[in-house]
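What follows is a short report on a single structure.
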Amino acid sequence: MDLQALLDNRAEAAAIILFGIGLTTLLLHRNLLKKVIGFSFMDSAIFLFLASEGYISGRAAPIQSAASDLPASAFINPLPAGLVLTGIVVSVSVTALMLSLTVRLYERFHTLDLDRIVRLAREDAAVSVGAAAPVGKAERKAGTNADAGAAVSAGKAEQKSEKDAALPDPERRDR
Amino acid sequence: MRNDLDRDLERSLEEPRPAHSRLDAAHLHRHDGRILRQEAALSARDEQAQAVFTVIYRVLAVLAAAGIILLLLWSVTDLPAFGGERNPADNEVARRYLEDGVREGGALNLVANIILDYRAFDTLGESNVLFTAACAVLLLLRRQRRADLPHAPEAIEADPPADPVLRAGAALLSPAILMLGLYLILTGHLGPGGGFSGGAVLSGALILYRCAFGGGRAGQLLTYRVWRGATFAALAFYAVSKAYSFFTGANGLPSVFSPGTPGSLFSAGLIPPLNIAVGLVVCCIMYGFFALFRKGEM
């Protein structure tokens, strides 16, 4: 890889590295809030990239002065500024939507861990299917949770007690 | 970065995944006989499979991310030099906006010309994206609607009394920030500023005021009805006025909006009113996001 070329394009290279940080955060973290942060990183990286594409050394921001009519060669490219403005608004909207969905998921499952949410949602689905049967899985499920607490107090896997106590009671969830 | 990831990987290898399925299995084993023992064996195998999957996933994720970064960095080396005068991005489209923008649009701020005149339809869509997101957040987070659900979130207690420093600072600062926001919106066609930045500054002042003096007093200023009305009126005004200007402009008809004298406050045709409309939408929606996330109501 040509390092000199990377140095010449340092703004774009920085944008790519920022994008990579966001992508890695998105892939490796199970916490939903951290995923949202990773997403915002990727947004910002794209904006930095676009803005640096429009920059021209030694030229001014594209605002014409009333007194003197400056030529077009006095200004940087105004188009990326307009595009980035659009992008920022959309990224704000998407972030707000993701955060509000996260709030609702937390209210329902009392955790932000995506794996745990998926598991709990699957159990919920299984319970609602089994509830039709005479000896529904729902009862067994409720008993399981209560007994899990008993097993914990008996001394098994004490470190997990807090995590499991945080699990919501399936009966409390609305369907 | 690499080291951190490696350490993460090692940690995930060392500690077994927290799984309450094992507790379930233990209990079921005591409870019933053969079937449940099978289930326990199954869940143990599940757990092992999941741990292996996690490791494989993490390794693959790191490899994929590193691969994408290296590929993109490699393509960055082929880009034209940063800030060069003859870069292909600086083509005839940008030159046209720079040369004829002031004559055709009337605003000295050439970016305002682009987003509110040449590409105004795009900006209308953008405002609608913001509005749609606000509607979705309202549906998801509004407490009133969820009050009759079986597990409505516990009522959030009243705002704690704010710090005296915060109160004094907000009393001093929020009028000044409001003025700055209004200035940015009203002179968006003459200099840096415009509806988006000015609206964001305005909403910042409102949020500061609300943090310091509580939702009650801010709520008197901006109730849900006012919020809804202002947002809707601004969007409707934008859509109607822009529809008119597209119709007249595209068909070469005489229009009541003229570019005027570039540089004076009342110039640039539709751009200042559209800036006000966009500023109103952005301010209302940013403040609405804050209020909904904070308390679940306006």
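The values are calculated or read from the model by the stated rules, or taken from the named source; none is laboratory data. The structure presented is a predicted model; accordingly, all values stated were derived computationally and were not measured. Ideal geometry is used to build each Cβ from the backbone, glycine not excepted, and the neighbour counts take in all protein chains shown.
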Extreme residue, nearest to the chain's Cα centre (by Cα), among residues of region A:66-96 that are within 22 Å of B:Thr187 (Cβ to Cβ) and within 7 Å of chain B (Cβ to nearest Cβ): A:Val89
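Of the residues A:Ala74, A:Ala60, A:Ala15, A:Ala66, only one is in contact with a Phe, Trp or Tyr (Cβ under 7 Å, 6 or more places away or on another chain), surrounded by fewer than 21 Cβ atoms within 10 Å (Cβ to Cβ) and under 27 Å from B:Thr123 (Cα atoms); which?
A:Ala60
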Which listed residue, of B:Leu79, B:Leu73, B:Leu108, is more than 26 Å from B:Thr248 (Cα to Cα), within 29 Å of the chain's Cα centre (by Cα) and crowded, with 17+ Cβ neighbours inside 10 Å: B:Leu73
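Answer yes or no as to whether B:Ala94 is crowded, with 22+ Cβ neighbours inside 10 Å, touching a Pro at 6+ places or on another chain (Cβ under 7 Å) and not acidic (Asp, Glu). Spell out how you get there, then give the answer.
Details: crowded, with 22+ Cβ neighbours inside 10 Å: yes; touching a Pro at 6+ places or on another chain (Cβ under 7 Å): yes; not acidic (Asp, Glu): yes.
Spelling it out, B:Ala94 is indeed crowded, with 22+ Cβ neighbours inside 10 Å, touching a Pro at 6+ places or on another chain (Cβ under 7 Å) and not acidic (Asp, Glu).
Within the bounds of region A:36-57, is there any residue that is among the acidic types (Asp, Glu) and either under 25 Å from B:Thr123 (Cβ atoms) or exposed (fewer than 15 other Cβ atoms within 10 Å of the Cβ) (or both)?
Step one: of region A:36-57, the residues among the acidic types (Asp, Glu) are A:43, A:53.
Then keep just the ones that are either under 25 Å from B:Thr123 (Cβ atoms) or exposed (fewer than 15 other Cβ atoms within 10 Å of the Cβ) (or both); that gives A:43, A:53.
Yes, there is a match, as at least one residue in region A:36-57 is among the acidic types (Asp, Glu) and either under 25 Å from B:Thr123 (Cβ atoms) or exposed (fewer than 15 other Cβ atoms within 10 Å of the Cβ) (or both).
Just checking, how many residues over region A:20-32 are more than 7 Å from chain B (Cβ to nearest Cβ) and hydrophobic (A, V, I, L, M, F, W, C)? Full working, then the answer.
Quick first cut of region A:20-32, residues more than 7 Å from chain B (Cβ to nearest Cβ) only: A:21-22, A:25-26, A:29-32.
Narrowing the set further to residues that are hydrophobic (A, V, I, L, M, F, W, C) leaves A:21, A:26, A:32.
Selection size over region A:20-32: 3.
What residue, among those in region A:30-81 that are acidic (Asp, Glu) and not in a loop (DSSP other than H, G, I, E, B), is modelled with the highest pLDDT?
In the first step, residues of region A:30-81 are kept if they are acidic (Asp, Glu); the result is A:43, A:53, A:69.
Subset that is not in a loop (DSSP other than H, G, I, E, B): A:43, A:53.
Numbers: A:Asp43: 93, A:Glu53: 85.
Here the residue is A:Asp43.
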Of the criteria (1) closer than 29 Å to B:Ala112 by Cβ; (2) more than 7 Å from every other protein chain (Cβ to nearest Cβ), which one A:Ser52 fails: (2)
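Where residues in region B:267-294 are outside any helix (DSSP H, G or I) and within 12 Å of chain A (Cβ to nearest Cβ), which of them is farthest from B:Ala120 (Cα to Cα)? Lay out the reasoning, then the answer.
We begin by selecting, within region B:267-294, every residue outside any helix (DSSP H, G or I); these are B:267-270.
Keeping just the survivors that are within 12 Å of chain A (Cβ to nearest Cβ) gives B:267-268.
On the way: B:Ser267: 17, B:Ala268: 14 Å.
Checking each candidate, the answer is B:Ser267.
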